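The values are calculated or read from the model by the stated rules, or taken from the named source; none is laboratory data. All values reported here derive from a predicted model rather than from experimental measurement. Every residue, glycine as well, gets a Cβ built from its backbone with ideal geometry; the counts of neighbours run over all protein chains shown. To get the accessible areas, we keep the full protein, side chains included, count just its heavy atoms, and leave off ligands, DNA and RNA. Shrake-Rupley method; radii C 1.70, N 1.55, O 1.52, S 1.80 Å.
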Amino acid sequence: MATTRLRNDTYSDYSSTEVSPSEENSPGASNSFVPRSRQYERLDDHHSSSTTWFQTLIHLLKGNIGTGLLGLPLAVKNAGIVLGPLSLVVMGIIAVHCMDLLVKCANHFCQRDQRPFVDYGDAVMYGMESTPSQWLRTHSIWGRRMVGFFLILTQLGFCCVYFVFLADNIKQVVEAANCTTNDCSSNKTIVLTESMDSRLYILSFLPFLILLVFIRNLRYLSIFSLLANVAMLGSVVMIYLYIGQDIPDPTHLSYASSWRSYPLFFGTAIFAFEGIGVILPLENKMKIPHQFPVVLYVGMAIVTALYISMGTLGYLRFGSDIMSSITLNLPNCWLYQSVKLLYSFGIFITFALQFYVAAEIIVPAVITSRVQGRCVLFLDLTTRALLVCVTCVLAVLIPRLDLIITLVGSVSSSALALIIPPLLEIFTYYSEGLSRWIIAKDILISLVGFLGFVFGTYVTLWELLTPDSLPSQNITAVFAVQ
């Protein structure tokens, strides 16, 4: 999940995977520039603030595992039982390669300019300044602004997804409350009690989430964040235990999907893999930065294996009945209802972490240097409340979890994770000499990301605007427990 603060001279080192982004860099960082070679050990006076390779690995896993994981079974359905897992492997390889490109280019500018740290936006700006093109050098500031724009779009998109996820899961728990049993192995059809529309559930979460984002120092949420991580981990384990048993005959499942549904797979998959924004903050915080490539490859290998297994097993287990989130396919017994509630609690707390990134970029732009005193706090809280209201309105307008995930993935995640990093490598090293094969490889990756952006967005909007493609509001009226 992307998190970067786009500043020139100062940078507070944090990421959305951490609960204390208000930690400041070491005082000596602004005065003594340290070359960013991968073969050095960070020797500042605050070793306690640096992370080991294991801590970095945990943060990397936390930053890449969220609601996208639960939507991958439906993504595999949109691609096919054979094409889907193979596509996840390819996408995982490309995503890791793009992350490595970003780290390599950032290290290049740190060494060249003797800077302690370069964030994503600055790397793109410096890359454009390094090109032979006069036009790109003149407009290099727009590279940083473009990254900031897509970063804000991505983070607020995540918040929209969280609104819909909370509404869908809580709605199902409430509607099944009267017929929830302790028997999770029975095979019967349960008629759910009809409750209010999912949009009303979305609106009901609005005041609570506004109060949550009013907590400007996330240190106060640290204990809740820890509990949320434990709850989500336990929920994922319980989901695996359920979908790994009693898998039906898969021969009736299609091997490859149609061309129209495959862009929906792309949007969901790239939404899940879009963790490139946490890469530079995590690498910067490591005590021994040259260990980061190994951490990156090991961590993303684990993430890719988790994605493939969840997507494949989920689709095999539920087949064509798979829903936008695999939690919605779990039985209506108390054990798995608690899984939905625990994961919803984790997502509720994570909302504040994802929202923090966008707020840290937008709020300072709203509050000018002329504003002082109580007006600063008033504008800060008002801006936060309005941003939450915007995400809530978008969630109400697009109350389908699968489509909003695909739309966010296609529009913003593809730009940050696939389109920009290969172009950044060309910008950075073109004047120093790049082989034709590397240029062709980078153009191909960016082209794949651009095509996914175009077709994924087009198909998603088509699904939203076509009346017969929308599900009925009573889609969860009958639920089969298997």
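Could you check, for segment 403-410, whether at least one of its residues is farther than 21 Å from residue 258 by Cα, in contact with a Ser or Thr (Cβ under 9 Å, 6 or more places away or on another chain) and open to solvent by less than 40 Å² (accessible area, probe 1.4 Å)? For segment 403-410, residues farther than 21 Å from residue 258 by Cα, in contact with a Ser or Thr (Cβ under 9 Å, 6 or more places away or on another chain) and open to solvent by less than 40 Å² (accessible area, probe 1.4 Å): present.
Beta carbons closer than 6 Å, at least 6 apart along the sequence or on distinct chains, pair a first residue in segment 123-136 that is touching a residue at least 12 places away in the same chain (Cβ under 8 Å) with a second that is open to solvent by less than 20 Å² (accessible area, probe 1.4 Å) and in a loop (DSSP other than H, G, I, E, B) for 125/140; 128/140.
Taking residue 400, is it farther than 27 Å from residue 119 by Cα and free of Cβ contacts under 8 Å to residues at least 40 places away in the same chain? No.
In this entry, residue 81 is excluded by the filter for residues that are open to solvent by 10 Å² or more (accessible area, probe 1.4 Å), within 23 Å of residue 316 (Cβ to Cβ) and under 15 Å from the mean Cα position of the chain (by Cα). Sort out which residues of segment 371-392 are over 19 Å from residue 348 (Cβ atoms) and either modelled with pLDDT of 95 or more or in a helix (DSSP H, G or I) (or both), and write them in order of number. 374, 375, 376, 377, 378, 379, 380, 381, 382, 383, 386 - these are the residues of segment 371-392 that are over 19 Å from residue 348 (Cβ atoms) and either modelled with pLDDT of 95 or more or in a helix (DSSP H, G or I) (or both).
When only residues in segment 182-221 that are among the polar types (S, T, N, Q) and either closer than 27 Å to residue 395 by Cα or surrounded by 15 or more Cβ atoms within 10 Å (Cβ to Cβ) (or both) count, which is modelled with the lowest pLDDT?
This residue is 193.
Checking 426, 439 one by one, the residue that is hydrophobic (A, V, I, L, M, F, W, C) and within 16 Å of residue 100 (Cβ to Cβ) is 426 and no other.
Among the conditions (1) modelled with pLDDT under 90; (2) surrounded by 20 or more Cβ atoms within 10 Å (Cβ to Cβ); (3) aliphatic (A, V, I, L, M), the only one that residue 418 does not satisfy is (1).
When the test is whether a residue is at pLDDT 85 or above, of a type in the set (Phe, Trp, Tyr), open to solvent by 20 Å² or more (accessible area, probe 1.4 Å) and part of a helix (DSSP H, G or I), residue 271 does not pass it.
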